[in-house]
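Here the structure is laid out as structure tokens; the discussion comes afterwards.
Rule-based calculations on the coordinates, nothing more; no lab input. From a predicted model like this one, the values you see are computed outputs, not experimental measurements. FYI the Cβ positions are ideal-geometry reconstructions off the backbone, even for glycines, and counts take in every protein chain you see.
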Amino acid sequence: MEKHIQILGILMIVLGVLGLLGMLTVISLFGLGGMFSGNEDVALGALGLGVIIGGLILLTHLPALVAGIGILKHQEWARILGIIVAVLNVLSFPFGTALAIYAFWVLLKQETVRIFAAH
């Protein structure tokens, strides 16, 4: 089970990092799009919208990054956070659903609970 815990932690970190990259991409694209509009008001509006969307992406992916790091360190709070992240990812078909099913399988096993409780 230790190997599955490690794999899940890495997958959660990858999910979080991809979200951070997505956030930076959205903010950059909106900012550049606004800049090329030639209108200062449009540029500021586009950048503001990009920051709002990027912030939502960050809000949804940062918990996965934090959970992944905690899972690799066998922190009990990270196991709970990982379950919460999995619940939120169930509707993100197909990859989020697959990751959620794997997370449930790993994090809800009695062996995993014992491993995390021992640390």
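Answer yes or no as to whether Ile53 is part of a helix (DSSP H, G or I) and closer than 20 Å to Met12 by Cβ.
On the way: part of a helix (DSSP H, G or I): yes; closer than 20 Å to Met12 by Cβ: no.
In short, no.
Looking for something surrounded by 13 or more Cβ atoms within 10 Å (Cβ to Cβ), under 15 Å from the mean Cα position of the chain (by Cα) and in contact (Cβ under 8 Å) with a residue 60 or more places away in the chain - is there at least one such residue anywhere in region 103-113?
Scanning region 103-113, I find at least one residue that is surrounded by 13 or more Cβ atoms within 10 Å (Cβ to Cβ), under 15 Å from the mean Cα position of the chain (by Cα) and in contact (Cβ under 8 Å) with a residue 60 or more places away in the chain, so the answer is yes.
So Ala118 ticks every box in (1) over 15 Å from the mean Cα position of the chain (by Cα); (2) surrounded by 21 or more Cβ atoms within 10 Å (Cβ to Cβ) but one. Which box is left unticked?
Of everything listed in (1) over 15 Å from the mean Cα position of the chain (by Cα); (2) surrounded by 21 or more Cβ atoms within 10 Å (Cβ to Cβ), Ala118 misses just condition (2).
Just to be sure I understand, how many residues within region 60-102 are over 20 Å from Ala117 (Cα atoms), touching a residue at least 12 places away in the same chain (Cβ under 8 Å) and assigned to a loop (DSSP other than H, G, I, E, B)?
0
Of these, Gly9, Gly55, Gly34, which one is without any contact (Cβ under 8 Å) to a residue 60 or more places away in the chain, touching a helix residue (DSSP H, G or I) at 6+ places or on another chain (Cβ under 7 Å) and among the small types (Gly, Ala, Ser)? Spell out how you get there, then give the answer.
Values: Gly9 fails: without any contact (Cβ under 8 Å) to a residue 60 or more places away in the chain; Gly55 fails: touching a helix residue (DSSP H, G or I) at 6+ places or on another chain (Cβ under 7 Å).
Just one listed residue meets the conditions, Gly34.
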